[in-house]
1. By counting other Cβ atoms within 10 Å of each Cβ, how are 58, 233 ranked from fewest to most?
2. Just need the relative contact order of region 3-286 here, percent rounded to a whole number, with Cα pairs under 8 Å and 6+ apart.
3. Considering only C-alpha atoms, what is the centroid distance from region 112-151 to region 48-62, in Å?
4. What angle do you read, to the nearest 10 degrees and between 0 and 90, between the alpha-carbon axis of helix 100-109 and the longest principal axis of the chain?
5. Report, in degrees rounded to the nearest 10, the 0 to 90 angle that the Cα long axis of helix 138-155 makes with the longest principal axis of the chain.
6. What distance in nm separates the two pseudo spin-label positions at residue 66 and residue 41, each 7 Å out from Cα along the beta-carbon direction?
7. Past the 32 angstrom mark, what percentage of all C-alpha to C-alpha distances in the chain do you count?
8. Given R₀ = 30 Å, what would the calculated FRET efficiency be for residue 257 paired with residue 16, taking r from the Cβ atoms and rounding to 0.05?
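Derivation of every value follows stated rules applied to the coordinates shown; laboratory data play no part. As the structure is a prediction and not an experimental result, all values here were calculated from the model. Backbone-built Cβ (ideal geometry, glycine too); neighbour counts: all protein chains shown.
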């Protein structure tokens, strides 16, 4: 059975409201939680002193997104302010118990930052950029780079791809390589077979399920003893479900899981064998005026 038959559409019913709507008056607030286990550690430097290596993290972000000034007919410039940011992380075994202050410092550094998404009307996010992080020293630049990678995994959740025509024609539609399947690096590429479909109705809202499978390459080269040995390549699968509001033209909530395992050739070349790449992400619409209690940032105990 191929992915094209993996989802059961709603009895051939045509759904025409499948397009993102962003106007100057649009304001959307979400709480996004990203629980990520990485195949390679993430270096996290302190702004002034100290450094640690993270094996996994849970980022909780409250954000309000509005249309930016550089939008065109083909691309939405979506600006998302960081209203709240909590970071919990596990260090590599050799550094357990020492990462807490650096994790807290990193979470505080995200306060007031802005994430810019370049989004097509069909919902494909072309880029995720973070502005407002300190970069006045080499150490703070390294910290900002790591925080940008974390933010990339969080805001990948808003890459929710709909049919180019705005209508499903009573069936499924194909999706390209989603941000949810990209790697923890500034650049990744791949070949993915993915589909989405309206599979249910919740009042005036629609339930949309997505499945995807393919091969994704981390375009950052891997070095061993000072020599480049190749790039990590992962066999990836992703599945999830979301609630879509066709009247508002926006995402209500979403949950997905993306799992990756290094290919045999990649593991042999770069040494990532046995290290999973897992992302479990949830999105929920929130009232921006209501009080929100995020988790306390800090180091998580070892698994």
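1. By the 10 Å Cβ count, ascending, the order reads 58, 233.
2. The normalised contact order for region 3-286 reaches 20 percent.
3. 15 Å
4. Tilt relative to the chain: about 50 degrees.
5. The angle comes out near 30 degrees.
6. 4.2 nm
7. The answer is 27 percent, as a whole percent.
8. Details: r = 29 Å, r/R0 = 0.98.
Once the sixth-power term is evaluated, E becomes 0.55.
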